Amino acid sequence: YTTSMKKLIIANWKANPESAVKATVLAEKIESATSIYKNADIVIAPPFPFLPLVGDMLSRARLGSQDVWNTEGPYTGMVSPRQLKSLGVAYVIIGHSERRIHAGETDDMIQKKLAGALASGLQAVLCVGETERQGSELSAMVGEQVRTALKSIKKEWLRRLTVVYEPVWAISTMADTAGAATPDTAFRARMYIEKILTSLFGGRASRDVRIIYGGSVTPANITSFLTEGAMDGVLVGKASLDPKKIGEIVRLAASL
Ligand code: PEP
């Protein structure tokens, strides 16, 4: 199984680090640890308040946000796609499990956010994943998440869509590689998501969409997700706060 696109590495900082100064330093270190590896697409997604500062530090990596709403208006606390674009944001993460869990996001909200982001020309990164560890069958929950999120998506937007398979049980396990899904599980998730994309959009639609993996990715397991797992990239949480680890992850992805 081969995909022709460059591998996509997304650094999701979550609610880290604690200050603007530290965010600037971290961005600078990641930029210098990764900028020599040309054969990969890199995205850094800091918390909202640090977007302008981090954006200023980046030349190689693109700027990403961790959330978005679908428009401007009377939506206190929300941020619109155009506002993000005006700061140089190119990618938006949508429907991360931590937002589903801690901010009560539903598949219907995620659908609105996804349509808003794609309609405005942003690259959208849709996160899906089951909450409980499964046997050999992929959870129907993932199918439901993908189908609902993509309800109002136009076929011509698919080129700007990435779907992240991020099983909730594999996120931030803190046990280094032990808690991640297996490359085989990731591969089966890829097949399952491709089948849904084909059923919704027909023919070769799924070829336009990048399908990546997230959940306890480290330098030790990245290569197996990209090769055996046939993933087009990875979403990295904890390891993205360590410039050495994310540098190594990008180096390995770019060497394939
Ligand atoms: C994430 O939550 O996006 C993620 C991949 O986290 P971690 O790498 O820490 O498991």
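Amide hydrogen proximity for ILE212: with H placed 1.01 Å from N in the peptide plane, the residues at 5 or more positions away or on another chain lying under 5 Å are VAL163, VAL164, TYR165, ASP232. For LYS85, the lysines whose Cα comes closer than 16 Å to its Cα, not counting residues fewer than 8 places off in the same chain, are LYS113. With a cut-off of 13 Å between beta carbons, the residues surrounding LYS85 carry a summed charge of +2, where Lys and Arg count +1 and Asp and Glu -1.
Where the eigenvalues come from the Cα gyration tensor of the range 76-204, what are the semi-axes √(5λ) of the equivalent ellipsoid, largest first, in whole Å? Semi-axes from the Cα gyration tensor: 25, 19, 13 Å. DSSP finds beta bridges in the chain, and of those with both partners inside it, around 0 percent are antiparallel. Taking 24 Å as the straight-line reach from the Cα of LYS238, the lysines in range (excluding those fewer than 8 positions away in the same chain) are LYS6, LYS7, LYS14, LYS22, LYS29, LYS38.
Among residues other than LYS6 with Cβ under 13 Å from its Cβ, the summed charge is +3 (Lys and Arg +1, Asp and Glu -1). Distance between the 7 Å Cα→Cβ label points at LYS244 and MET191: 3.9 nm.
Entry for the range 192-234 at q = 0.17, 0.28, 0.31 Å⁻¹: log10 I(q)/I(0) = -0.52, -0.92, -1.02, Debye formula applied to identical alpha-carbon scatterers, no solvent contribution. Rolling a 1.4 angstrom probe over the protein heavy atoms with all chains in place gives the range 71-186 an accessible area of 46 Å² per residue. Under 8 Å for C-alpha pairs, at least 6 residues apart: give me the relative contact order for the range 146-256, rounded to a whole percent. Here the relative contact order equals 30 percent. Full extension from LEU87 to GLU18: what is 0.36 nm times the residue separation minus their Cα-Cα distance, to one decimal in nm? Stretched out fully, the LEU87 to GLU18 stretch lengthens by 22.7 nm. Working value for the range 26-99: equivalent-ellipsoid semi-axes of 25, 12, 11 Å, each the square root of 5 times a Cα gyration tensor eigenvalue, largest first.
Evaluated at 20 °C with a viscosity of 1.002 mPa s, what Stokes-Einstein diffusion coefficient in µm²/s does the range 165-254 have when Rh comes from the Kirkwood expression over alpha-carbon pairs? My calculation gives 160 µm²/s for D.
Computed from the C-beta positions of SER172 and THR148, the FRET efficiency with R₀ = 35 Å rounds to 0.90. Among the protein heavy atoms of the range 116-221, carbon and sulfur supply 50% of the accessible surface, probe 1.4 Å, non-protein parts ignored.
Roll a 1.4 angstrom probe over the protein heavy atoms and tell me the percent of accessible area of the range 11-84 that is carbon or sulfur. That fraction is 56 percent. For the chain, pairs of C-alpha atoms spaced more than 28 angstrom apart make up 26 percent of the total.
Straight-line reach from LYS112: taking Cα to Cα under 14 Å and skipping same-chain neighbours fewer than 8 places apart, the aspartates and glutamates in range are ASP67, GLU72. Between THR223 and THR106, the contour length at 0.36 nm per residue exceeds the alpha carbon distance by 38.9 nm. Determine the sum of side-chain charges near ILE249: Lys and Arg each +1, Asp and Glu each -1, restricted to other residues whose C-beta is under 12 angstrom from that of ILE249. Around ILE249, the surrounding residues sum to +3.
The values are calculated or read from the model by the stated rules, or taken from the named source; none is laboratory data. Since the structure is predicted, the reported quantities are computational estimates derived from the model, not experimental observations. Ideal geometry is used to build each Cβ from the backbone, glycine not excepted, and the neighbour counts take in all protein chains shown. Just so you know, the surface numbers come from the protein's heavy atoms only, side chains and all, with ligands and any DNA or RNA stripped out. Shrake-Rupley method; radii C 1.70, N 1.55, O 1.52, S 1.80 Å.
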